[in-house]
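Engineer: Pasting a structure here, questions to come.
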Amino acid sequence: MDIQGYKMPDELYYEENHFWIKEEGDFLVMGMDDFAQKLAGEIVYVQLPEEGKELSVGKKFAKIESGKWLGKAFAPVNGELAGVNEELETNPGLINQDCYGKGWMYKIKAQDKAEIKKLIHGPDALTKWVLADIEKYKK
Amino acid sequence: MVFLLCAFVPLSLCPSLRRRRPMESKYDFVKKYREQVLQCSRCGFCQAVCPVYGATLRPSYNARGKMLILKEVMDGKIPLNDELVETLCQCTTCASCHKNCPSGVNVPEIIKEVRKDLVHIGSCHPAFKGMNEVLEKNTNIYAEEKGPDFGRAKNQKAEVVFFIGCVGTYREDEATEATLDLLDRIGVKYTLIDEVCCSGVLEDVGYQLNERLAKKNIELILATGAKTVVTGCPYCSRTFNKKPQYQELKDKGVKVIHVSQLLKDFDLGVKTDKKVTYHDPCDLGRHCDIYDEPRETIRKIAPGFVELPHNRVDALCCGAGGGVRGAFPKNSLAMARRRLQEAEDAGAEVVLTECNSCVHNLANAKLRKQKFRICTTTQFINELMEAKEA
């Protein structure tokens, strides 16, 4: 769905720092949403930790950087890092070009995939959250 | 015919004489550095050492290319305008060219002056303009509202002030935490202060050092009664020691040193069997001639120390300086990757350096296949001490 110019597919789940999460087989796939990539500008660096890194929900596990912004990726669920998008190592701009596709970032093996139900999901929740953040970042 | 005409016109209008007596230029770089620009003999020694050329292979980006362009500007053949921003702003001011120039042309100083001219005519790189705007409104270069709490005393009376710097506070805070732990371990009595950006970088990107910020730092340092400031950042140390806006520190008997100069006198009592190498930061090495102190410390803790092929005055720049990381991030990381290739070829397991900005850029550029560690010397020593205590 489009929310004031931001493309926010409503079938995805969203973590409050503007990362999307979706189920893919036994794993969860995570990436940056359109709101964050537009706000950040050209992404120049994505930290790609080693597979197997333990993830605790709400805890920082990686850094992302644009020319003007340093972002942190927080674990959306408990589990471990199962894979990373190695293309981003030399082409982090893929996040700007295709944040929901070729610009995916991390693959996670969740302890309990049902934990994603606690994330932001569905048209109403999504609209309310994005509109609030548009206001917040106007300042 | 020309001769006849010249005989009847004022001397100053005669073309051949006009060439000998150039009009006063509207650009400050011409007033200050005209002779230096003309001194460039176009030998190209700079091309071999320029990190921007090394990453881009574009001759206009190295010092010789830039001097040729500036000569054209001085001769009025091309204007100084937006079209030259991409070329003239792409210099890390690492000073490799200057140190290797047989004619002694001080390219970084010329480039800094040209950038000021670009600002004056309204042709400035947006990232450089942004840096100045950020420091007009904020107290750090990243416009962060709040930094991490390092859990140390601030603004206390102490013998030593430890000055962290913006990168150490907002980008490499783990390295800073480790440095503070190390200072505690070796018994240095220091205080932190509510420091603000030293703002030296503004001089590199076409602006003036921010007087308001300089005054704030001086006031906070003097209030502690400390006679020594130890900086975690080579650039801050260089700014405090060399910029007139910080002269008051010297006048009041405050000595400013980099943490590597402090550490060399300590018996650290730890060793590593890892193959360690060292990356000379430009701000510590070429700009301040500090090459030996870091090595003295590293040799004490790492008998397996190896030099990188380009070291000391010939060290390759990491690509972060002169505003290049902010304005041209892709080329900046490409420069860092060239440096890391040397570390990989040397078989290093640990790359140490003395600059958080270098750590930041090198760590960002490191490929996953490169398994060596990159960190500051202080962070590495602190970890060795922690391990020994455990």
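Engineer: Check B:CYS358, B:CYS375 and return the single one that is of a type outside the set (A, V, I, L, M) and assigned to a strand (DSSP E or B).
Structural biologist: B:CYS375
Engineer: For segment A:72-93, what are the residues that are surrounded by fewer than 20 Cβ atoms within 10 Å (Cβ to Cβ) and under 19 Å from B:ALA365 (Cβ atoms)?
Structural biologist: A:GLU86, A:GLU87, A:GLU89, A:THR90, A:ASN91, A:GLY93
Engineer: Go through the residues of segment B:90-106 one by one and say whether even a single one is of a type in the set (Lys, Arg) and farther than 28 Å from B:ARG337 by Cβ.
Structural biologist: no
Engineer: Could you tell me whether segment B:277-296 includes any residue that is away from chain A (no Cβ under 14 Å) and more than 30 Å from B:VAL160 (Cβ to Cβ)?
Structural biologist: Within segment B:277-296, none of the residues are away from chain A (no Cβ under 14 Å) and more than 30 Å from B:VAL160 (Cβ to Cβ).
Engineer: The conditions are (1) closer than 18 Å to B:ASP283 by Cα; (2) in contact with a Cys (Cβ under 9 Å, 6 or more places away or on another chain); (3) away from chain A (no Cβ under 13 Å), and B:SER332 fails exactly one of them. Which is it?
Structural biologist: All conditions are met except number (3).
Engineer: For segment B:347-358, give me each residue that is within 14 Å of another protein chain (Cβ to nearest Cβ) and either surrounded by fewer than 23 Cβ atoms within 10 Å (Cβ to Cβ) or more than 14 Å from A:GLU65 (Cβ to Cβ) (or both).
Structural biologist: Hit for segment B:347-358 is B:ASN356, nothing else.
Engineer: Another question about this same structure. Do you know which of the residues in segment B:95-134 that are farther than 16 Å from B:ALA327 by Cα and of a type in the set (A, V, I, L, M, F, W, C) is farthest from the chain's Cα centre (by Cα)?
Structural biologist: B:ILE121
Engineer: Using beta carbons and a limit of 7 Å, which pairs, at least six apart or on different chains, have the first residue in segment B:134-150 and more than 12 Å from every other protein chain (Cβ to nearest Cβ) and the second one surrounded by 12 or more Cβ atoms within 10 Å (Cβ to Cβ) and among the small types (Gly, Ala, Ser)?
Structural biologist: What qualifies is B:LEU135/B:SER199.
Engineer: Among the numbered criteria (1) surrounded by fewer than 18 Cβ atoms within 10 Å (Cβ to Cβ); (2) part of a loop (DSSP other than H, G, I, E, B); (3) within 13 Å of chain B (Cβ to nearest Cβ), which one does A:ASN17 miss?
Structural biologist: Failed condition: (3).
Engineer: Consider B:CYS124 against the criteria (1) modelled with pLDDT of 95 or more; (2) away from every other protein chain (no Cβ under 14 Å): it satisfies all of them except one. Which criterion is unmet?
Structural biologist: Status for B:CYS124: all satisfied but (1).
Engineer: Further, regarding this structure: Which members of segment A:1-40 meet the condition of being in contact with a Lys or Arg (Cβ under 6 Å, 6 or more places away or on another chain) and among the β-branched types (Val, Ile, Thr)?
Structural biologist: Scanning segment A:1-40 gives a single hit, A:VAL29.
Engineer: Would you confirm whether or not segment A:102-111 contains a residue that is in a strand (DSSP E or B) and within 14 Å of another protein chain (Cβ to nearest Cβ)?
Structural biologist: yes
Engineer: Kindly list the number of the only condition in (1) surrounded by fewer than 19 Cβ atoms within 10 Å (Cβ to Cβ); (2) within 14 Å of chain A (Cβ to nearest Cβ); (3) in a helix (DSSP H, G or I) that fails for B:LYS369.
Structural biologist: For B:LYS369, the failing item is (3).
Engineer: Does A:LYS136 satisfy the criteria of being surrounded by 15 or more Cβ atoms within 10 Å (Cβ to Cβ), modelled with pLDDT under 95 and either over 19 Å from A:PRO9 (Cα atoms) or among the aromatic types (Phe, Trp, Tyr) (or both)?
Structural biologist: no
Engineer: Going by what's in this entry, would B:ASP117 be described as assigned by TED's automatic domain parsing to the domain that holds B:GLY225 and of a type in the set (D, E, K, R)?
Structural biologist: Judged against the criteria, B:ASP117 is not a match.
Engineer: Counting only residues that are among the aliphatic types (A, V, I, L, M), touching a Gly at 6+ places or on another chain (Cβ under 8 Å) and surrounded by fewer than 23 Cβ atoms within 10 Å (Cβ to Cβ), which one in segment B:102-130 is nearest to B:GLN90 (Cα to Cα)?
Structural biologist: Filtering segment B:102-130 for residues that are among the aliphatic types (A, V, I, L, M), touching a Gly at 6+ places or on another chain (Cβ under 8 Å) and surrounded by fewer than 23 Cβ atoms within 10 Å (Cβ to Cβ), the one nearest to B:GLN90 (Cα to Cα) comes out as B:ALA127.
Engineer: Spot the failing condition for B:PHE163; the list is (1) modelled with pLDDT of 95 or more; (2) surrounded by fewer than 18 Cβ atoms within 10 Å (Cβ to Cβ), and only one is missed.
Structural biologist: Result: B:PHE163 fails condition (2) only.
Engineer: Could you tell me whether any residue of segment A:24-40 is within 14 Å of chain B (Cβ to nearest Cβ) and crowded, with 20+ Cβ neighbours inside 10 Å?
Structural biologist: Yes, there is a match, as at least one residue in segment A:24-40 is within 14 Å of chain B (Cβ to nearest Cβ) and crowded, with 20+ Cβ neighbours inside 10 Å.
Engineer: Limited to segment B:313-329, what total is found for residues that are more than 9 Å from chain A (Cβ to nearest Cβ) and either in a helix (DSSP H, G or I) or surrounded by fewer than 24 Cβ atoms within 10 Å (Cβ to Cβ) (or both)?
Structural biologist: Here the count works out to 3.
Engineer: I need the full set of residues from segment A:41-92 which are at the interface with another protein chain (Cβ under 9 Å from one of its Cβ atoms), small (Gly, Ala, Ser) and assigned to a loop (DSSP other than H, G, I, E, B), in order please.
Structural biologist: A:GLY67
Engineer: Could you check B:GLU344 against (1) more than 11 Å from B:HIS279 (Cβ to Cβ); (2) buried (at least 24 other Cβ atoms within 10 Å of the Cβ); (3) away from every other protein chain (no Cβ under 14 Å); (4) touching a Lys or Arg at 6+ places or on another chain (Cβ under 9 Å) and say which number it fails?
Structural biologist: (2)
Engineer: Of the numbered conditions (1) polar (S, T, N, Q); (2) over 21 Å from the mean Cα position of the chain (by Cα); (3) within 13 Å of another protein chain (Cβ to nearest Cβ), B:ASN364 fails exactly one; give the number of that condition.
Structural biologist: Evaluating B:ASN364 over (1) polar (S, T, N, Q); (2) over 21 Å from the mean Cα position of the chain (by Cα); (3) within 13 Å of another protein chain (Cβ to nearest Cβ) leaves (2) as the failure.
The values are calculated or read from the model by the stated rules, or taken from the named source; none is laboratory data. Predicted model only: the values in this text are computed from it and were never measured. Here the Cβ is made from the backbone with ideal geometry for all residues, glycine too, and neighbour counts use every protein chain on show.
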